[in-house]
Structures are given as structure tokens and as C-alpha cells.
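The structure appears below as C-alpha cells.
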Amino acid sequence: MKIDAVVLRELQMELVTPFETSFGMTTHRRVMLVEVRAEGLVGWGECVAGEHPWYSEESIDTAWQVGRHELARLLLDADPEHGGQCHEIFRQIRGNRMCKAAFENALWDVQAQAEGVSLASLLGGTRATIPCGVSLGITPTLEQLLERVETALAAGYQRIKVKCRPGWDTDVFAAIRMRWPRIQLTADANASYRLKDMDLLASFDHYELAMLEQPLWSDDFYFHSMLQKQIETKICLDESIRNRRDALAAIEMDSCRVINIKVGRVGGFTEAIGIHNAAMERGIPVWCGGMLETGIGRSHNIALASLPNFSLPGDVSASSRYWKDDIVEPEITVSAHGEITVPTAAGRGYAVREDLVERLCVRREDVRAFVLA
Ligand code: OSB
Ligand code: MG
């Protein structure tokens, strides 16, 4: 397909509720969107890099630089038929996976529209609905967290994930278990514990967490494998898994028994599907993580989470948990049973509110194909 133009936009959007993790507080998001125009169609991608390089090395500013000066040009010079070719097209650029994912996913979006199929079915999705959970940040008081748990359960969410870090862990789990002994509860440490905390981490077993996400370093497999031998709770890796090879290594070493797949973290749908398939063949369940996305990234997550091995509730929640006004319509809603219905219309299934996108846009660059006179 002939790509006519790539448009980069930065939107600034305020979160409904500030989100605190072991690495810091997020109150608003600066979001890079990638619009790809080809064959009269428009595909959208969202770069999930944060304002600061806390969760990964990328930030919106590194993504803007690499997207504007490297990836847009490479894409316009290639004539890809399919998002799956982006790996090859972007091969000389190392890393920068969140930025690459935004471009690749926009192409998959174009292709789904061109073929008149839903993005979910183009990716190989089989589920009509996906199970949803929430990720609850650290709050100033435990009482406030318990209120948030109560609200999420009342809304129907199937799984509660709490952020934890040294000093915000066993008391939190104990208080939640006291009130809700049976709910599906998980904890995400975002790499905040060290080897000296092994005994503390082993004491988490008592709270019957469905899994413990990324307790140790963001780039580690070996020590997670050592920890997994000493605890009952299943380890889930998030940050450590950058690609399919990492997933294979982690599974082989027993560094984790569950994998969180984030399409941005792994560089796009192609790699995400590769991890999904590798994990499925080895009996390792996966779930879809979130990065406080707008409706565009969220719609991509919904399509991905419709693949068969996404058997656990993901961090894919309703638009209204994040935004007063989401940039897609209809906004994304979760049923009283904690499910999102996977759209069946061609493409993503959620229209972009272009007027709102323009209003929130604080930076824009258009990159066009060279036109020969
Ligand atoms: O580790 O899963 C994480 C948000 C930003 C960065 C990292 C993480 C998260 C979340 C939020 O947990 C998930 C969401 O609701 O989008
Ligand atoms: Mg995580």
C-alpha cells in the first residue's frame, strides 16, 4: 500500500485520578499519536511512553525524535502491505519499541479497514468479550485504597491489582483480605524489591495473591527464577519481557508463570502475538497490561486481548476511569460482569473524535512522501 503521510501529534490530557506507583506520581499524560494515511484510509497508533523514562528508557520526547526523524521516513520509503512487515522496515533502529509499536499498530489498523474486518479478527482474536480488572495506584491512606477497591468491585471488575512497594505491601494485603477474603487480588511492585527482601516477598504467600507482578529489577530473569523457587505465589513478569525471546528464556528458567503483555513494551502487534503464541504452547497464561492509554491505545488492547490465551482479566478498564472525555466514540465501557465487548466492525471499532484531538493537541508534525514532479 502507498503511504501518503504520517502525522505525529502530542496531546496533553489530565487523568481523572492521579496514579501513583513505586516510581512516581502521574497526574496528566502527554500522549504521542501516530496517524498514517494510505489508500484513502486513516490508521491510528498510540505511543504509550510516559512523560518521564520511569517505566522504560523511552519517554514521549525520545519517541517524538525517533518517530519524526527515523521511523516516519523509513515507513514512507517502504511500501508495506501489512503491519507485520514493520519489524523488517525498522530493523536498523535499535530499541525504541513503544515508538515502533505506535507506527506498526497504525498500519494494522489501516489494513483491517482495507480488508473490511475487525482489528481483533485480523490479529487472530477469538473472544467476543474480554474479562477486565483494575490497577489501583498507591493512595495517601489505606482507607482511600479500600474505598477504591469497593468502587471497582461494585462496578463489576473481576480482578483487583494493587501497586505495592516496600512499606506499602503486607498491611495493604491484610486489610483487603480482611474485608474481601475471596476476590481475585494481585500486586504489582514495578521492580521495587531487592534480594534482601526475599523473606518479605515469601511472606506475601499468606495473602493468596493470584500473582505478584515484577517484584525485582526491570531487566532481570535470573533472580526472579531464584525467587520463584522460594515462594508459592506465581510471579508475573511485565518490564522484563521485551520480546518473544525474553518470554522463552523466562519460561524456560521458571522466572515467571504468567506474562503481562503490553503491545507498546514489546514493539507492536507482531511481537505481542509471537509472545502470546509461545506462552500458549508452553501452558503459560497471559493477560493484557495497560499504560493509562487513551481510547486509541485502549481499542488496540481490546483487540489484542481477544486472542485465546489472554485467559486472565487484564488492566483494560473503562474510559471513564481515566478520562473525563475520551478521544474515541463510543467511549469504552465495562459491563456489570466486568467485561468489554470486542467490536466486530471493520478496523478498531471506535471512531476517533478528531475535533477533540485537535483541541487537545499541543504539537504536530506532518511527514509526507516525496512527490516527484
Ligand atoms: O506496571 O502495569 C504497570 C501504568 C503505567 C506504567 C506501568 C503500569 C501501569 C499500570 C496501569 O498498572 C494500568 C492501566 O490501568 O492502564
Ligand atoms: Mg506492571
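The values are calculated or read from the model by the stated rules, or taken from the named source; none is laboratory data. Treat the numbers as computed from the prediction; the structure is a model and nothing was measured. Positions of Cβ are backbone-derived with ideal geometry, glycine not excepted, and every protein chain shown enters the neighbour counts. The protein model used for the area step is the full one, side chains on, heavy atoms only, and it has no ligands, DNA or RNA in it. Shrake-Rupley method; radii C 1.70, N 1.55, O 1.52, S 1.80 Å.
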In this structure, is THR17 in contact (Cβ under 8 Å) with a residue 24 or more places away in the chain and within 24 Å of THR141 (Cα to Cα)? yes
Filter result (under 10 Å from ILE138 (Cβ atoms), open to solvent by 10 Å² or more (accessible area, probe 1.4 Å) and either within 16 Å of ligand 2 (Cβ to nearest atom) or acidic (Asp, Glu) (or both)) within segment 149-169: LYS163, ARG165, TRP168
Which is at negative phi, surrounded by fewer than 19 Cβ atoms within 10 Å (Cβ to Cβ) and not assigned by TED's automatic domain parsing to the domain that holds CYS86, of ARG265, ARG359, ARG298, ARG245? ARG245
Expected single match for outside any loop (DSSP other than H, G, I, E, B) and either within 15 Å of ligand 2 (Cβ to nearest atom) or in the same structural domain as ARG29 (by TED's automatic domain parsing) (or both) among ASN277, ASN260 is ASN260
Every residue in segment 210-232 that is away from ligand 1 (no atom under 14 Å from the Cβ), open to solvent by less than 10 Å² (accessible area, probe 1.4 Å) and within 21 Å of PRO313 (Cβ to Cβ), please. none
Which of the numbered conditions does ILE284 fail, given that it passes all the others? Conditions: (1) open to solvent by less than 30 Å² (accessible area, probe 1.4 Å); (2) away from ligand 2 (no atom under 16 Å from the Cβ); (3) within 18 Å of the chain's Cα centre (by Cα). (3)
Could you pull out the residue among ARG182, ARG159 that is under 24 Å from the mean Cα position of the chain (by Cα), modelled with pLDDT of 95 or more and not assigned by TED's automatic domain parsing to the domain that holds SER22? ARG159
Can you tell me which residues in segment 76-107 are of a type in the set (Phe, Trp, Tyr) and either outside any helix (DSSP H, G or I) or closer than 17 Å to ILE261 by Cβ (or both)? PHE90
